[in-house]
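Here the structure comes first, spelled out in structure tokens, and everything after it is commentary.
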Amino acid sequence: MRDTTSTTENICRRLIGRTAVITGAGSGIGLAAARRLASEGANVVCADIDETAGKAAAEEVGGTYVRVDVTDAEQVEALFRTAYDTYGSVDVAFNNAGISPPDDDSILETGLEAWKRVQEVNLTSVYLCCKAAIPYMRRQGRGSIINTASFVAVMGAATSQISYTASKGGVLAMSRELGVQFARDGIRVNALCPGPVNTPLLQELFAKDPERAARRLVHIPAGRFAEAEEIAAAVAFLASDDSSFVNAADFLVDGGISGAYVTPV
Ligand SMILES: NC(=O)c1ccc[n+]([C@@H]2O[C@H](COP(=O)([O-])OP(=O)(O)OC[C@H]3O[C@@H](n4cnc5c(N)ncnc54)[C@H](O)[C@@H]3O)[C@@H](O)[C@H]2O)c1
């Protein structure tokens, strides 16, 4: 594990008085972002379908938990309404919840049900969250939307998860279009494209199968996976006014994967 404490100790508090809604805040990148945005002064609304994890996250960061299935339009509307009613504004929407289930594999193996489920959770959810957040942000004349895509939206992999990849490509294109459409309303919309992150799931998978890890690590110039805190640092930047001229971007935080041909030995 890398020591990321110094990063959070030295940060300024760029988000005082801002309200941030984070989906998938109970785990991984969402949880790291909840911690980081709260440490920068934001009111954080932690949304997750997993009640135990979501509540724990909200408690830890002094925020508000809202149980939500991001594929449900009414629940998503209620989420942003709760944020507004509780804190008086919706300044940041980090639309991050996503799944990567094992039955989403090669196109030759992946059934229609698995395809649809991934599209719903990873792509339709982002449509619903943006649709719910934008009216608040337009009224305020201000807002930052960060939609989690992935580096697989810009690169092909022979180790395919076909619906996941297609869903993230959709997130990328949708974010770009929204960023352009609402730029003059003071709203920025960016797609965050993380490289592979050192999550417990990934660690477990690769501990069992070191060859699988090696096949991926060889493509990363940095020679390691990202820590969730490193992705959260990018989220904080995109959420804050420090990124005031960053809009409609494919914001890659991938350790150089997408720029690499031959990596260092
Ligand atoms: N981990 C990586 O290597 C990686 C790389 C690139 C992109 N991403 C993307 O980053 C995002 C977060 O990934 P992570 O690794 O932190 O995942 P994670 O599994 O650790 O956390 C995802 C969270 O989303 C919640 N969630 C799942 N379905 C939901 C639903 N229908 N409604 C509400 N909440 C739901 C889960 O309960 C969980 O708390 C995802 O969109 C993922 O595709 C991850």
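Using the heavy atoms of the protein chains and a 1.4 angstrom probe, tell me the accessible area per residue for the range 112-192 in square angstrom.
Result: 44 Å² per residue.
With no solvent and one point per C-alpha, what does the Debye sum give as log10 I(q)/I(0) for the range 20-62 at q = 0.19, 0.22, 0.30, 0.35 Å⁻¹?
Evaluating at q = 0.19, 0.22, 0.30, 0.35 Å⁻¹ gives log10 I(q)/I(0) of -0.39, -0.53, -1.00, -1.34.
Can you run the Rg to Rh ratio on the range 100-164? Use alpha carbon positions and the Kirkwood inverse-distance Rh.
Radius of gyration relative to Kirkwood radius: 1.12.
Report D for the range 165-264 in µm² per second (integer): Stokes-Einstein, Kirkwood Rh on Cα pairs, 10 °C, 1.306 mPa s.
105
Give me the Kirkwood hydrodynamic radius of the range 210-259 in Å, from all C-alpha pairs, to one decimal place?
12.5
Ignoring ligands, DNA and RNA, please state the percent of accessible area on the chain from carbon and sulfur, probe 1.4 Å.
Details: 6850 of 12910 Å².
Heavy-atom surface of the chain belonging to carbon and sulfur, 1.4 Å probe: 53 percent.
Rounded, prolate or oblate, given the Cα gyration tensor of the range 1-121, with a/c below 1.5 counting as rounded?
oblate
So what is the orientation-averaged projected area of the range 53-96, using the convex hull of its C-alpha atoms, in nm²?
3.3
For Cα pairs less than 8 Å apart in space and 6+ apart in sequence, what is the mean separation divided by the residue count of the range 18-170, i.e. the relative contact order in percent? Can you show the working numbers first?
Numbers: 291 pairs, mean separation 35.1, N = 153.
Answer for the range 18-170 is 23 percent.
Given N residues in the chain, what is its alpha carbon radius of gyration divided by 2.2 N^0.38 Å?
Expressed relative to 2.2 N^0.38 Å, the Cα Rg reads 0.96.
Check Val45: other-chain or 5+ apart residues with amide H under 5 Å from its amide H, H built from backbone geometry?
Distant-sequence amide H within range of Val45: Ala20, Val21, Ile22, Thr64.
In the Gaussian network model of the chain, springs joining C-alpha atoms below 10 Å, which of Gly195, Gly88, Gly24 carries the largest mean-square fluctuation?
Top of the fluctuation ranking is Gly88.
Leaving ligands, DNA and RNA out of it, work out the accessible area of Cys12 with a 1.4 Å probe and give it in Å² to the nearest 10.
70
Under a cut-off of 13 Å between alpha-carbon atoms, report the aspartates and glutamates in cross-link reach of Lys168, not counting same-chain residues fewer than 8 places apart.
Partners found: Glu120, Asp250.
Ordering Met174, Met137, Met155 by how much accessible area each has at a 1.4 Å probe, largest first, what is the list?
Working: Met174 40, Met137 0, Met155 65 Å².
Putting Met174, Met137, Met155 in descending order of accessible area: Met155, Met174, Met137.
What is the antiparallel percent of DSSP beta bridges lying wholly in the chain, to the nearest 5?
Here the antiparallel bridges make up roughly 0 percent for the chain.
If you keep only loop residues by DSSP, which trypsin sites (Lys or Arg not before Pro) in the range 24-58 have at most 15 other Cβ atoms within 10 Å of their Cβ? Mind dumping the intermediate values first?
Numbers: sites: Arg35, Arg36, Lys55; in loops: none.
In loop regions of the range 24-58 (DSSP not H, G, I, E or B), there are no sparsely surrounded trypsin sites (Lys or Arg not before Pro).
In deg cm²/dmol, rounded to 500, what helix-only [θ] at 222 nm does the chain give when every DSSP H run of at least 4 residues adds -39500 (n - 2.57) and the total is split over its residues?
So the helix-based figure for the chain works out to -13500 deg cm²/dmol.
Give the cross-link partners of Lys55 among the aspartates and glutamates, using a straight C-alpha distance below 17 Å as the criterion and excluding same-chain residues fewer than 8 apart.
Asp69
The values are calculated or read from the model by the stated rules, or taken from the named source; none is laboratory data. Quick caveat: nothing in here was measured; it's all calculated off a predicted structure. Because the Cβ atoms are built from the backbone with ideal geometry, glycine has one as well, and the counts that use them run over all protein chains shown. Side chains included, ligands, DNA and RNA excluded: accessible areas come from the protein's heavy atoms. Shrake-Rupley method; radii C 1.70, N 1.55, O 1.52, S 1.80 Å.
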